[in-house]
Each structure stands twice: as C-alpha cells, then as structure tokens.
Amino acid sequence: MKIIVCIKQVPVRDAQLRIDAGGRWIDGNDLGFEINEPDAYALEEALQLREKHGGEVVVVCAGPPRAAQTIREALAKGADRAIHIELESARSDTLALARMLAEAIGPEKADLIVTGLQSDDLGYGQTGVVLAEVLGLPHATIVMQVEKTEGGVRVRRELEDGFFQNVEMPLPALITIQSGINKLRYATLMGIKKAKAKEIRVAKPAASETAPRVVIERIYAPPRTKHTEMLEGTAREAAAKLVEKLRFEARVL
C-alpha cells in the first residue's frame, strides 16, 4: 500500500510574529519553523497503516529550501522517502499549490493520499479537497479513524454535536485527518541517523505554475478597542440580554 502524505512547514506555535516591511506577510527572518500539527497527525496515521498492511510512505512538501528540515523530521519519524517541491516563497494560493502537488505525486500512483485537515498558519482547510478534485479522486474530510477493507478504506468522519459518519471509499482516494486521531511519535536517534540516507527528490516547478491566483494585499493585527454597553431593565431582563450577547456576539456560550 503506497501512501502519500502532504505536509507543510509553518512557524512554531508560540513564535512572536511580526509583520514584514511590505505589510503583506509575516517576517520570517527570526522565526523557528516546524511541521504543521494536523499534518503530523496525518503522517502518524500513514505510518500506522503501513505498519499494519505493509507498503511505503512518501512525504511531499512544497516550500522554500528551509522546508528540508521539516522533511528530514518526517523521514526520521519513519517515512520512506520524500519529494520537496522547492519554491522561492512559502506563499501560494490553494489552487496553485494543489496543482503543483498533483504534478509531483501523480506519477507515484499512490493508493492513498493523506493530508492534515488544515494548516496552522492560514487555516483554509482547502488544500486536500482541491487536490482531490484536481486528481479526480474520491475524498473524505475530518477523518477520525481509518480502516483498510478488501477493496478500499472505511473512514469515520467527525460531524457536529458529537455525531460521526462512516464512509466506505474505493482506492485510490484522499482523506484529510483531524488532529487528535492518534498519539504522535517522536523521532528516535536511530531514525534521525537513517533519515540522512533516505531519498529526497527535489522538484522545481515553473514560475508560471507557482504564480498565485489569489494575492493577500495586507495583513494587520486586530485593533484593540474597548466598548461598554449598559443593559437596562429588570435583573431578569438584563440577564437574558447578557446571555444572548454572550451566545451570539461574543460566542463564548
């Protein structure tokens, strides 16, 4: 069973972010980077499937040269080999990224493609779905459990209000993994040593393929404002108004 895992390198979660001079993205000069957490869960699920059913796990990452560090981390955890789609910038819109991924992994003829549900930096939750459409594959999102069947896979999807949905799909297919589906493993010392000898194929797409169709014009920190509102009426009426505002405006209930 050949499994492709799409991973992304993102700034570490507790990093102090600063906007760059152009005002269109964050300044990455002094940032630390790591594997996107939902993608780490996707990688772990792929490794567990390989351990149960045999086969190969190939990681694919699109990003600048520094993304090689994240790729090596995935190899150290147990992936067999990797494809690095080397870009000048980490910024790309969903469609352009999906097309680059599709071109890189198409020749692999994978049985299953696995991605994280969304990225920690942008949080669009679109790449896996658009990639499935570009490749013409059946897909399922927000997957909490994966089981290999005779002719495909059976997955359990997380819905709202504690409900779940069980879906059977033929292979090849694509699934996006929900964080928390499993317990993440650490890279062992032996795994780190073996990763140095594992293959990383570098693919460099043409500039026309990497040009984004969607451009971020400006990013900025949310403005800090103070607002006071007096709730009039009896105590019961004021309490009812307060609950309504907490539920529908503040969305904390």
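A short reminder: the numbers here are calculations on the coordinates, not readings from a lab. The shown structure was predicted, so the numbers you read here are calculated from the model rather than taken from an experiment. As a convention, Cβ positions derive from the backbone with ideal geometry for all residues, glycine included, and neighbour counts pool all protein chains shown.
At a glance:
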quantity	calculated
For the chain, built as a Gaussian network whose Cα springs stay under 10 Å, the top-fluctuating residue of GLU160, GLU150, GLU37	GLU160
Within a Gaussian network of the chain (alpha carbon springs, distance under 10 Å), most fluctuating of PRO11, PRO107, PRO222	PRO222
Placed amide H near ARG81: partners under 5 Å, 5+ positions off or other chain	VAL57, VAL59
For SER179, distant residues with modelled amide H under 5 Å away	LEU117
Per-residue HN-Hα couplings for segment 27-38 [Karplus 6.51, -1.76, 1.60; θ = phi - 60°; Hz; x = Gly/Pro]	7, x, 5, 10, 8, x, 10, 8, 6, 4, 4, x
Cα gyration tensor of segment 1-105 - equivalent ellipsoid semi-axes, whole Å, descending	27, 16, 10
Within a Gaussian network of the chain (alpha carbon springs, distance under 10 Å), most fluctuating of MET144, MET230, MET100	MET230
Where trypsin sites (Lys or Arg not before Pro) fall in DSSP loop in segment 126-205, at most 10 other Cβ within 10 Å	LYS183, LYS196
Three-way shape call for segment 2-210 based on the alpha-carbon gyration tensor, with the a/c threshold at 1.5	rounded
Degrees between helix 94-105 axis and first principal axis of the chain (Cα, 0 to 90, nearest 10)	20 degrees
Sparsely packed GluC sites (Glu not before Pro) within segment 1-108, loop by DSSP, other Cβ within 10 Å at most 15	GLU88
